[in-house]
Amino acid sequence: FLSVVSTTWHSNDDDVYRAPPIDRSLLPTAPRAAREPNIDRSRLPKSPPYTAFLGNLPYDVTEESIKDFFRGLNISAVRLPREPTNPERLKGFGYAEFEDIDSLFQALSLNEE
């Protein structure tokens, strides 16, 4: 279904300005949670390890909180690298390893959550 909408505004000197039409076919028609994730399955590994990179993590994240976030998925390991000069401080990224390809796919579909 394609619908094009144009809006008209009038200025004080009666010039007419028409906004460019909006191509509604480019807009999502369902909430993001209901849409299929935009993941190319051909780029996923064909055999283990099924590892996802986790970026932009808070410095106080724990392995348990990562496992809790991915609850329901078959997660086998979490790695949270630490700063070499300060072993108490995390680097802000990590890795989660999954036991099967479907768990990895579902985890990748949680991008930006």
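The values are calculated or read from the model by the stated rules, or taken from the named source; none is laboratory data. Every value quoted in this text rests on a predicted model; they were computed, and no experiment measured them. Cβ: placed from backbone, ideal geometry, glycine included. Neighbour counts: every protein chain shown. Keep in mind that these areas ignore ligands, DNA and RNA; they rest on the heavy atoms of the full protein, side chains included. Shrake-Rupley method; radii C 1.70, N 1.55, O 1.52, S 1.80 Å.
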Q | Solvent exposure of the range 45-113 as accessible area per residue, Å², 1.4 Å probe | A | 67 Å²
(Q) Sort 46-57, 87-98 by packing, meaning the average of other beta carbons within 10 Å per residue, with the highest value first. (A) 87-98, 46-57
**Q.** Surface share of carbon and sulfur [accessible, 1.4 angstrom probe, percent] for the range 42-110
**A.** 48 percent
Q: Pop a pseudo-label 7 angstrom from the Cα along the beta-carbon direction at both Glu113 and Asn74 and give the gap in nm to one decimal.
A: 1.8 nm
(Q) From the gyration tensor of the Cα coordinates in the range 42-110, what semi-axes in whole Å does the equivalent ellipsoid have, largest first, with each one equal to sqrt(5λ)? (A) 23, 13, 10
